[in-house]
Amino acid sequence: MSIRLYYFSGTGNSLFVAKELQRRLPDSELVPIVKSLNNGSYKTECDAVGFIFPSHGMTIPIAVKAFTEKMIVKDSTYFFAVVTRGGTVFRGFQLIEGALAGQGKKLHARFAITMATNDPKLKSYKQLSDSELGAIEKDVIREVESIAKTIAGRETNDFTDDGILFSRNKTVNRFFEFLIPTMVHNFSPKIKKYFYAKECCIGCGSCERVCLSGKIKIVDKKPVWQQNVDCYLCYSCINYCPTRAIQIHTKIWMKSYTEKNERYSHPYAGVSDIEKQK
Ligand SMILES: Cc1cc2nc3c(=O)[nH]c(=O)nc-3n(C[C@H](O)[C@H](O)[C@H](O)COP(=O)(O)O)c2cc1C
Ligand code: SF4
Ligand code: SF4
């Protein structure tokens with residue numbers, strides 16, 4: 001294969017983009033980042049390499065960081081990255097650039113695609129209607145077509161981020177753009193009681209199946225978030241629980257809205273699609 005599309009996806013948005021890109025790029029293959037980490041497969045062994053993943057706290061997901069720090073890219077010449085996001089500015093490309101620079105390579109093209117957000121702890125979180133989701137899908141397909149052309153031509157781009165900023169004040173933005181990614185990579189995955197399950201849990205096991213880091217184990221028909229396994233913050237567990245039993249702990253976040261809020265997963269991604277990444 002001449003193009004390898006490494007992907008990570010908690011609720012199917014990035015998986016959708018990865019699949020649509022693969023359809024348009026002959027001689028390309030999809031490779032799940034979680035499986036590569038689990039198997040210790042770090043050699044890229046192809047001409048062009050792409051990374052497709054969600055924005056987590058304005059930066060790359062924990063698993064993507066872990067993979068890009070370990071990958072061995074000497075056989076590859078062209079690199080690109082696609083972030084899917086709910087809408088805020090993204091500051092994670094520099095981590096991939098840094099990992100590539102360490103091996104004498106560069107990131108040739110960067111892309112950001114705005115899709116539905118999968119974060120039910122946001123106050124403003126609301127479920128999108130079918131027509132809103134349809135409109136997003138049309139835009140995504142248009143963007144994917146343009147991205148595929150850039151990749152097929154091995155072109156470089158001048159990425160300008162059109163994501164939403166926190167404030168008009170540059171200092172406030174810089175503060176949050178440092179604080180939030182730092183929390184995502186260093187603090188949140190280790191929080192002891194980040195999630196809990198309410199009584200309405202029916203013991204179906206979906207949360208264990210979709211848990212990309214392997215943190216969740218079903219014990220006596222209830223999920224246990226194992227303390228010795230780090231969380232990837234993919235939010236698959238909370239979004240795929242069929243009874244909405246899973247919540248984010250209110251005592252850790254200033255205020256949690258997860259009990260009131262809806263859940264999200266991409267219309268074409270079910271439990272087995274997420275599980276296949278492991
Ligand atoms: C822990 C977490 C943090 C997130 N942080 C951001 C963010 O900072 N900015 C943003 O625009 N979207 C953010 N999102 C939304 C996702 O990036 C977005 O919904 C993405 O398309 C989900 O892709 P997936 O379905 O492939 O996981 C966050 C989602 C999660 C779970
Ligand atoms: S997915 Fe929800 S209902 Fe199923 S075992 Fe996990 S917490 Fe319980
Ligand atoms: S515990 Fe939930 S958020 Fe953390 S890795 Fe597992 S599924 Fe993802």
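What the table shows:
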quantity: Count - residues of the stretch 113-172 that are open to solvent by 80 Å² or more (accessible area, probe 1.4 Å) and either under 26 Å from T258 (Cβ atoms) or of a type in the set (G, A, S) (or both); calculated: 9
quantity: Residue among F80, F51 that alone is more than 20 Å from C234 (Cα to Cα) and either surrounded by 23 or more Cβ atoms within 10 Å (Cβ to Cβ) or touching a Gly at 6+ places or on another chain (Cβ under 7 Å) (or both); calculated: F80
quantity: Of residues in the stretch 12-50 being over 18 Å from V144 (Cβ atoms) and among the polar types (S, T, N, Q), the one farthest from ligand 3 (Cβ to nearest atom); calculated: T44
quantity: Scan of the stretch 171-190 for residues that are closer than 23 Å to I246 by Cα, of a type in the set (A, V, I, L, M, F, W, C) and either away from ligand 1 (no atom under 12 Å from the Cβ) or free of Cβ contacts under 8 Å to residues at least 40 places away in the same chain (or both), ordered by number; calculated: F187
quantity: Residue that is nearest to ligand 1 (Cβ to nearest atom) [pool: residues in the stretch 112-130 that are of a type in the set (D, E, K, R) and within 23 Å of S188 (Cβ to Cβ)]; calculated: D119
quantity: Number of positions in the stretch 211-221 that are within 13 Å of ligand 1 (Cβ to nearest atom) and open to solvent by 20 Å² or more (accessible area, probe 1.4 Å); calculated: 1
quantity: Pick from the stretch 140-158, criterion part of a loop (DSSP other than H, G, I, E, B) and out of contact with any helix residue (DSSP H, G or I) (no Cβ under 7 Å at 6 or more places or on another chain), ranking: farthest from T250 (Cα to Cα); calculated: G153
quantity: Options F67, F8: the member that is touching a residue at least 40 places away in the same chain (Cβ under 8 Å), more than 12 Å from ligand 1 (Cβ to nearest atom) and under 29 Å from Y240 (Cα atoms); calculated: F67
quantity: Residue list for the stretch 185-204, restricted to those being of a type in the set (G, A, S) and under 18 Å from the mean Cα position of the chain (by Cα); calculated: S188
quantity: Residues of the stretch 178-196 classified as of a type outside the set (V, I, T) and open to solvent by 40 Å² or more (accessible area, probe 1.4 Å), total; calculated: 9
quantity: Identity of the residue in the stretch 16-35, within 15 Å of ligand 1 (Cβ to nearest atom) and open to solvent by less than 10 Å² (accessible area, probe 1.4 Å), that ends up farthest from F53 (Cα to Cα); calculated: L21
quantity: Residue check for A245: open to solvent by less than 30 Å² (accessible area, probe 1.4 Å), more than 16 Å from ligand 1 (Cβ to nearest atom) and not assigned by TED's automatic domain parsing to the domain that holds Y7; calculated: yes
quantity: Those residues of the stretch 197-210 which are hydrophobic (A, V, I, L, M, F, W, C), surrounded by 15 or more Cβ atoms within 10 Å (Cβ to Cβ) and more than 14 Å from ligand 1 (Cβ to nearest atom), in sequence order; calculated: A197, C201, C204, C207
quantity: Residue match in the stretch 248-260 (condition: within 13 Å of ligand 3 (Cβ to nearest atom) and either open to solvent by 70 Å² or more (accessible area, probe 1.4 Å) or at positive phi (or both)); calculated: no
quantity: Residue match in the stretch 125-139 (condition: outside any helix (DSSP H, G or I) and either touching a Ser or Thr at 6+ places or on another chain (Cβ under 7 Å) or among the acidic types (D, E) (or both)); calculated: yes
quantity: Leading residue by the ranking (farthest from S206 (Cα to Cα)) among those in the stretch 1-12 that are open to solvent by less than 10 Å² (accessible area, probe 1.4 Å) and touching a Pro at 6+ places or on another chain (Cβ under 9 Å); calculated: I3
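Let's see how each residue does on (1) within 12 Å of ligand 1 (Cβ to nearest atom); (2) in contact with a helix residue (DSSP H, G or I) (Cβ under 8 Å, 6 or more places away or on another chain); (3) open to solvent by 60 Å² or more (accessible area, probe 1.4 Å):
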position	(1), (2), (3)
P223	no, yes, no
Q226	no, no, no
V229	no, no, no
C237	yes, yes, no
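The values are calculated or read from the model by the stated rules, or taken from the named source; none is laboratory data. Everything numeric in this text was worked out from a predicted model, so none of it was measured. Don't worry about glycine lacking a Cβ; one is built from the backbone with ideal geometry, like all the others, and counts go over all protein chains shown. SASA here: full protein model, heavy atoms, side chains in, ligands and nucleic acids out. Shrake-Rupley method; radii C 1.70, N 1.55, O 1.52, S 1.80 Å.
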